[in-house]
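Data block below; observations after.
The values are calculated or read from the model by the stated rules, or taken from the named source; none is laboratory data. These numbers come from a predicted model, not from an experiment. Note that we place each Cβ from the backbone using ideal geometry, even for glycine, and neighbour counts take in every protein chain shown. All accessible areas refer to the heavy atoms of the entire protein, side chains included, with ligands and DNA or RNA removed. Shrake-Rupley method; radii C 1.70, N 1.55, O 1.52, S 1.80 Å.
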Amino acid sequence: MLQASIKDNDFLAFTLAHPQAIDAPFKVNTNSNVNVEVLDTGVICFTPKDYQKDIVLSCAVHGNETAPIEICNELITGLLTGELTLKQRVLFLIGNPPSIHNKTRFVEENMNRLFSGGHANGDTQNQERVRAKALEGYVRDFFEQNDDKQRIHYDLHTAIKPSKHEKFAIYPYRHGKSYSGEQMMFLAACGVDTILYHHEPTTTFSYYSSNEFGADAFTVELGKVMPFGQNDMSKFAKAKAMLTALVTQTEVELPAYEAEQLNLYKVSRSVNKHFEDFTFSFADSTENFTQFNKGEVLATEGGQQVIIEHDIEAIVFPNAKVPVGQRTVLCLIPAPNEDVQ
Ligand SMILES: O=C(O)CCC(=O)N[C@@H](CCC(=O)O)C(=O)O
Ligand SMILES: [Zn+2]
């Protein structure tokens, strides 16, 4: 395999210089005994001699969510320079480089609706579909190289709206399996103190890794979307420190699971858009996790009202501008007593 170096050990700059494609795979020269391979644009894999965990860290599945991109790039640079000593196998994915250039969530289609084969639905073809299929393949190859390692995938995002709980994670639908208390305490140590249990299969990246490979996988929302240069990186210090510990330590010490340390919600329903005239009845400035009371009108579309069904429902990710057929908002109810092991 070809050998090369990455200028200034800056994998993000290298990726953004070749957003569509590169000559790959190639091995990266390093001073350590870690094997480093670039598999595609934005795709780099680090394999130490001995390890117990196969970890995927993805960012820029939405190109304008910059803080996770900066965190991942700093970790990659630390590993390339040898400043960080790797103890686990890690695959970093910079999901959608052209949309980073574009400074937008996506170029043609929301990539986080295209996994688990979503990229093959209908007749459409576009760069996000091609990339989602390729990312599925890199994750599959990565996890399937071992069957005796713990599989982890944190898909790192930031949210469009400000949130009453600044950092939160979506626990993909478990098909009846219990939830991991250890994982939730890891997230809490990252400052991610709020968990949303999803109620149905989705075409997100984290559900793909969870469902197909049994990975401990989460969509992790680390704050609010900001352009490069405007992120207050001190707000991500805990998350970066814990991710660093995860990849550089044999085991990460965590406290025992305590539900009281977390805000636990269950998705009660996903409100999908059926008509072009879908409109929310609350202001655009409404924060994630704002609560509504039973009977209140959440939205209107096609001459019908969408009404709050439970005593209280909180909302997250409101977005009326999605295409017909897609999710406009998730409704949440408290879920303190789920099956956690
Ligand atoms: O703030 C928003 O409206 C969206 C933030 C975001 O990208 N969230 C993910 C959540 C994925 C999941 O449900 O696991 C998304 O919408 O893709
Ligand atoms: Zn996102």
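Values for this structure:
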| read-out | value |
| --- | --- |
| Reference-scaled alpha-carbon Rg (2.2 N^0.38 Å with N residues) for the chain | 0.99 |
| Dipole magnitude of the chain, debye to nearest 20 (Cβ charges: Lys/Arg +1, Asp/Glu -1, about Cα centre) | 320 debye |
| Inter-site label distance for Asp141 and Asp284 at 7 Å from Cα along Cβ, in nm | 4.3 nm |
| In nm, spacing of pseudo-spin labels at Asp148 and Glu182 (7 Å Cα→C-beta vector) | 1.7 nm |
| With every protein chain in place, segment 26-101: carbon and sulfur % of accessible area (1.4 Å) | 43 percent |
| In sequence order, calculated HN-Hα J values of segment 57-68 (Karplus, 6.51, -1.76, 1.60; Hz; x Gly/Pro) | 10, 10, 9, 6, 4, 10, x, 8, 9, 7, 4, x |
| Distance in nm between pseudo-label sites at Glu338 and Val324 (7 Å out along the Cβ direction from Cα) | 3.3 nm |
| Charge-dipole axis of the chain as Lys and Arg at +1 and Asp and Glu at -1 on Cβ define it, positive-most pick from Ala299, Leu187, Ala245 | Ala245 |
| Solvent-accessible surface (1.4 angstrom probe) belonging to Asp10, in square angstrom, nearest 10 | 50 Å² |
| Dipole of the chain, positive end: most advanced residue of Val61, Gln261, Cys331 [Cβ charges, Cα centre] | Val61 |
| Cα gyration tensor shape for segment 169-257, rounded if a/c is under 1.5, else prolate or oblate | oblate |
| Alpha-carbon Debye profile of segment 208-341, log10 I(q)/I(0) at 0.09, 0.17, 0.20, 0.22 Å⁻¹ | -0.40, -1.15, -1.30, -1.36 |
